[in-house]
Amino acid sequence: MSSSEDEIVLSKRVKKTSKKNGSMTSTAASELDDDLPLSQRNNGVVKSKDTSVDEDYEEPIAEKVNRKRKSENGSSTVPKKTKKVKTETDASAKKSDKEPKQKRETKPKKETKSKNAAVKAEKDEDVPTSQNEEKDEDEDEGYKWWEAEDVDGVQKWETLEHNGVLFPPEYEPLPSHVKLYYDGKPVKLSLEAEEVAGFYGAMLETDHAKNPVFQKNFFGDFLDVIKETNGSDVEIKDFEKLDFSKIFAHFEKLREEKKLLTKDQKKAMKEEKERIEEPYKTCLFNGHKELVGNFRVEPPGLFRGRGAHPRTGKLKRRVYPEMVTLNIGAGAKIPEAPPGHSWGEIKNDNTVTWLAMWRENIADSFKYVRFAASSSIKGVSDFKKFETARRLRSHVDAIRKDYTKMLKSELMQDRQMASAIYLIDVFALRAGGEKGDDEADTVGCCSLRYEHITLKPPNKVIFDFLGKDSIRFYQEVEVDKQVFKNLRIFKKAPKQPGDDLFDRINPTMLNKQLQNYMKGLTAKVFRTYNASKTMQDQLDLIPNEGTVAEKVVKFNAANRTVAILCNHQRTVSKGHGSSVQKINDKLKELMWQKIRLKRMILVLEPKLKNKQSHYFCEIDDLAKEDEEHIHHTVIARQREQVLKKMQRDNEKLKLEKQEILTEKSDEIKEKMAKIDDLEKEYKAELNGAKPEVKKNLTVEKLQQQVEVIENRIVTTTLQLKDKEDNSEVSLGTSKMNYIDPRLTVMFSKKFDVPIEKLFTKTLRDKFKWAIESADENWRF
DNA sequence: GATATCACTTAGAAGGAATACT
DNA sequence: AGTATTCCTTCTAAGTGATATC
C-alpha cells in the first residue's frame with residue numbers, strides 16, 4: 001500500500017518544513033532527529049519496551065512545567081477540532097460547532113455555591129466528608145494539607161461489621177446417563193473432571209467454545225484436572241475426538257425445564273434465594289447499614305477473556321474459604337466460615353474499603369468484595385471524582401496553552417509528552433499502560449505503536465487500534481499541524497511496526513506532569529472532564545419544548561455524543577441485521593398499502609388525479625418487481641396465519657377430544673380459497689387492473705386510512721434510524737461513569753422530565769447525592 | 001528508580017425482567 | 001395471549017494509578 005510511500009514523502013517534508021519554520025524549529029528538528037529513542041541506543045533495533053527512560057531529559061521539564069501559570073489570560077489555543085470530531089455523527093449536535101468559545105467563567109469562584117450544596121446533601125446522609133468542603137481550587141494559595149491527607153487515604157472507616165461472603169453451591173454431578181464421549185466411547189470422569197467438562201459442554205454453542213485458543217487452553221487444563229484427580233478411564237489425547245453434545249443437551253434441557261416452572265415455583269425459588277442472600281447483602285459501616293456489592297464469591301468456570309486473550313478458556317478454579325481474606329472492624333464479630341472450613345486470613349485494615357479478598361488463578365491478581373455503588377463510601381469518591389474533573393475547568397486553558405507550546409520543545413521527551421496530552425485531551429484516549437504477553441494486545445495513548453496510526457498530509461491522522469476490552473478505536477481526524485509533525489517524527493526510521501510511538505514516556509511520567517498543573521490531575525480526569533463538558537454543551541442546545549418523550553430522545557442524543565467521544569461500543573446484537581431487514585420490509589409494505597389506498601381513491605373519483613397531482617404522484621413509484629414481492633409475502637403470511645390458527649385450535653380440540661382440523665377440512669379450505677382469490681386480485685392489479693373498493697368506503701374514509709399509514713411510516717422510519725444509530729453505541733457506560741449526574745438532574749428539573757426517565761432505579765440509588773443536591777441551574 | 005503489589009474505577013456481555021407488538 | 005424486543009441488572013474482565021519493595 002501507499003503507507004510506506006507516505007512515510008518517505010513525509011520524512012522529506014520534515015526537513016523542508018522544519019527549515020522553513022525558522023531557526024527555533026529547525027534546531028529542534030535536528031536535535032530531535034539524532035536524539036534516538038533509548039531502545040535503539042541500547043541495543044540496535046530491538047522492539048520498544050524501554051522502561052528505562054532517560055532521566056537527564058526529565059529534569060528540565062519538571063522544572064519548566066512546575067511553574068504555575070495562574071496569570072495566564074486563558075485564551076484557548078486549543079484546536080477547534082475537539083468539537084468537530086466529537087459530534088460529527090450526531091445530527092442534533094451539529095450546531096455545537098458554532099459555540100465552542102463559551103468560556104464563561106473568568107473566576108472559578110462561582111462554583112462554590114453549588115458545590116457546597118452538594119456537600120450539604122451528603123452530610124444529610126451522614127457521609128463522613130469533612131474534607132470535601134475545602135477541596136477547592138484556589139491553587140494560588142498553595143499547598144493544602146487536608147487534601148494531602150485525603151489523598152493518602154489514611155482512614156476509610158471507624159467500624160465495620162459484615163457476615164463474610166456467599167460461596168457458590170457445590171458441584172452437582174451429572175445424571176449417570178449424561179456422559180462425555182471420546183472417539184465415540186463414553187468416558188468415566190472424576191467429579192472434578194466432570195465439572196470441568198460440564199463448563200465447556202454448557203457453552204458448546206457459544207463463540208468462545210469455537211475459538212481455537214479457548215479450546216486449547218481449556219483442553220490443557222482439563223487434562224491437568226484429569227491427571228490430578230486420576231479422573232478418566234480413557235486416555236484422552238485429541239480434543240477433536242471429544243464429544244460434549246450430550247452434556248450440552250443436558251444443560252439445554254435444564255434451561256428449558258427452568259423456563260417451564262410455574263409462577264409459584266419461580267416465586268418460591270426467588271424467595272429461597274433471597275433468604276440465603278439476606279445476611280450478606282448488607283453490612284454495618286460506621287454503624288450505618290450499607291449495601292454490599294458483589295458479596296458472592298465468583299464461581300469456578302472457564303475464563304472468558306475478551307478479544308484475543310492468550311489465556312481465554314483456562315480453568316478458573318473454585319475458591320475455598322481458606323483462600324479468602326476477610327477485612328472487618330477490629331471489634332466486630334468474625335463471621336463463621338462454612339462448615340468444615342476456615343478463613344484464610346482476617347484483617348482489620350481501615351485504610352481500605354474492601355470487605356473480602358481472594359487471589360484468582362488466571363492472572364494471579366486480586367478479587368475484592370466491595371460496597372455497592374449506592375453506598376456512601378462509593379458516593380463520596382464518585383463526588384470527588386467529578387469535583388476533580390470540574391476543577392480542571394479552571395486549569396484547562398492554561399494546560400492547553402502549555403502543551404501547545406511544548407509541542408515544539410527541543411526535547412524529544414517533552415514533545416512526546418505534549419503530543420500525548422494533546423491526544424488524551426482531544427480524542428479522549430486512555431493513558432495506555434504497559435501490558436504483558438499473557439494479556440490481550442490492547443493499547444492506549446502511551447502504548448500506541450507505529451502501526452496504529454497512519455498519517456495523511458497535511459494533517460490527517462487515522463487511528464486504528466484495539467483499546468480497552470479489545471474494542472476497536474477507528475477514527476480519521478485532523479490534528480494540530482504541530483502534532484502532525486511530531487507524530488511523523490515519532491514514526492521516523494528506524495522505527496518500524498511494533499515499535500512504541502511514545503518511547504520516552506509512560507503513564508506514570510505523564511501523570512506526574514499533569515499533577516504539576518493541578519493537584520489530583522491524571523490522564524483519566526480528562527475523559528471525565530471532556531465527557532461532562534460535552535454533555536453540558538449538548539444539553540445547552542436543547543430547546544425546552546415538546547413532550548417528555550421528545551425531550552428524552554434529545555437527552556439520549558446528547559448522551560450518545562458523549563458515548564461516541566469515549567468510544568463506548570457494544571457488539572451489534574446477533575439479530576440486528578435481520579431486524580433491520582424486517583423493518584425495511586415493513587416500510588415497503590406500508591408504502592404499498594398507502595399506494596393501493598390512493599389507487600382506490602382514484603377508482604372512486606378519477607378526476608382527483610389531476611386536481612391533486614401532488615397527492616397522487618407517488619402511485620407509480622413502486623417498481624413492479626417490488627410490488628410482486630410484497631404481494632408474495634403478504635399472501636404467504638396470510639396462509640401461514642391460517643395454518644397457525646389451525647394448530648392452536650387443534651390443541652384445544654385435542655383436549656376436548658374433538659375431531660382435529662386438517663388442511664382438507666372445509667373450514668380451512670374456505671379460508672385458503674379466499675386467500676387464493678386475493679392472490680389473483682393482486683396479480684390482476686399488477687397487470688393494470690383497478691383495485692376493488694369495498695362498498696362502504698368513501699374517499700374521506702380512504703384518505704383517513706392513508707393518513708394512518710403515513711404516520712406509521714414516519715414512526716417506523718424514525719425507529720429504524722434510531723436503531724441503526726444506536727446499534728453499536730452503548731450509552732450506559734458514559735451515563736454511569738463519565739457524565740456528572742448533576743447534569744442529568746439539572747436537565748430533569750429544568751425540562752420537567754421525571755428523573756425515572758433518565759436514570760434507572762440502580763442509577764437513582766447510585767446518584768442519590770446528585771439528585772438531592774443539584775437544581776435546575778446547576779452547571780458542570 | 002524499576003518493578004511488584006495493591007486497590008480502586010470502568011467496561012461490555014450475558015441473562016433475566018419488563019414492555020411492546022400483533 | 002403469546003412472542004419478540006428492549007431495558008435493566010448482574011457479573012466479572014480490564015483498565016488506571018498510587019504505594020511498597022527490592
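Taking the criterion of being within 25 Å of A:PRO497 (Cβ to Cβ), open to solvent by 10 Å² or more (accessible area, probe 1.4 Å) and among the basic types (Lys, Arg), would at least one residue in the stretch A:421-439 satisfy it? The answer is yes; a qualifying residue exists. If you take the residues of the stretch A:305-340 that are within 7 Å of DNA strand C (Cβ to nearest atom) and surrounded by 14 or more Cβ atoms within 10 Å (Cβ to Cβ), which of them is farthest from the chain's Cα centre (by Cα)? It comes out as A:LYS316. On the stretch given as the stretch A:271-301, residues that are open to solvent by less than 50 Å² (accessible area, probe 1.4 Å) and within 12 Å of DNA strand B (Cβ to nearest atom) total 2. Taking every residue in the stretch A:681-694 that is within 15 Å of A:ASP620 (Cβ to Cβ) and pairing it with any residue that is open to solvent by less than 100 Å² (accessible area, probe 1.4 Å) and not acidic (Asp, Glu), at least 6 positions away or on another chain, the pairs with Cβ-Cβ distances below 6 Å are A:GLU685/A:PRO691; A:LYS690/A:VAL603; A:PRO691/A:ARG596; A:PRO691/A:ARG599; A:PRO691/A:MET600.
Would you point out the residue of the stretch A:566-616, among those that are among the acidic types (Asp, Glu) and within 25 Å of A:THR717 (Cα to Cα), that is least open to solvent (accessible area, probe 1.4 Å)?
A:GLU589
The residues of the stretch A:257-270 that are surrounded by 10 or more Cβ atoms within 10 Å (Cβ to Cβ) and in a helix (DSSP H, G or I), listed by number, are A:LYS258, A:GLN265, A:LYS266, A:LYS267, A:ALA268, A:MET269, A:LYS270. Meeting the requirement of 3 or more residues that are over 25 Å from the mean Cα position of the chain (by Cα) and away from DNA strand C (no atom under 16 Å from the Cβ), the strands (runs of 3 or more DSSP E) wholly within the stretch A:387-495 are A:453-456. Within the stretch A:160-180, the set of residues being in contact with a Leu (Cβ under 7 Å, 6 or more places away or on another chain), part of a loop (DSSP other than H, G, I, E, B) and crowded, with 19+ Cβ neighbours inside 10 Å comprises A:HIS162, A:GLY164. Kindly evaluate A:LYS512 against the criterion of being in a loop (DSSP other than H, G, I, E, B), within 12 Å of DNA strand C (Cβ to nearest atom) and within 30 Å of A:SER409 (Cβ to Cβ). Answer is no for this residue. The single residue among A:THR325, A:THR353 that is within 12 Å of DNA strand B (Cβ to nearest atom) and part of a loop (DSSP other than H, G, I, E, B) turns out to be A:THR353.
Residues of the stretch A:181-214 that are crowded, with 21+ Cβ neighbours inside 10 Å, free of Cβ contacts under 8 Å to residues at least 60 places away in the same chain and not aliphatic (A, V, I, L, M): A:GLU194, A:GLY198, A:GLY201.
The residues in the stretch A:129-181 that are modelled with pLDDT of 50 or more, over 30 Å from A:PRO338 (Cβ atoms) and within 16 Å of DNA strand C (Cβ to nearest atom) can be counted, and the count is 3. Scanning the stretch A:624-639 for residues that are open to solvent by 40 Å² or more (accessible area, probe 1.4 Å) and either among the polar types (S, T, N, Q) or over 18 Å from A:GLN581 (Cβ atoms) (or both) gives A:LYS624, A:GLU628, A:THR633, A:GLN638, A:ARG639. Would you confirm, using the coordinates I've provided, whether A:PHE383 is out of contact with any strand residue (DSSP E or B) (no Cβ under 9 Å at 6 or more places or on another chain), open to solvent by less than 30 Å² (accessible area, probe 1.4 Å) and within 13 Å of DNA strand B (Cβ to nearest atom)? Here the answer is yes, as A:PHE383 does meet what is asked.
With respect to (1) modelled with pLDDT of 95 or more; (2) within 15 Å of DNA strand C (Cβ to nearest atom), the lone exception for A:ILE276 is condition (1).
Could you tell me whether any residue of the stretch A:554-572 is part of a helix (DSSP H, G or I) and more than 30 Å from the chain's Cα centre (by Cα)? Taking every residue of the stretch A:554-572 in turn, none turns out to be part of a helix (DSSP H, G or I) and more than 30 Å from the chain's Cα centre (by Cα). Take the conditions (1) in contact (Cβ under 8 Å) with a residue 40 or more places away in the chain; (2) open to solvent by 20 Å² or more (accessible area, probe 1.4 Å); (3) under 16 Å from A:HIS395 (Cα atoms); A:VAL525 misses just one of them, which is (2). Of the candidates A:ASP537, A:ASP464, A:ASP503, the single residue that is in contact with a strand residue (DSSP E or B) (Cβ under 9 Å, 6 or more places away or on another chain) and acidic (Asp, Glu) is A:ASP464.
The values are calculated or read from the model by the stated rules, or taken from the named source; none is laboratory data. In this text, all values refer to a predicted model and were calculated from it rather than measured experimentally. Because the Cβ atoms are built from the backbone with ideal geometry, glycine has one as well, and the counts that use them run over all protein chains shown. Just the protein is used for accessible areas: all its heavy atoms, side chains included, with ligands, DNA and RNA removed. Shrake-Rupley method; radii C 1.70, N 1.55, O 1.52, S 1.80 Å.
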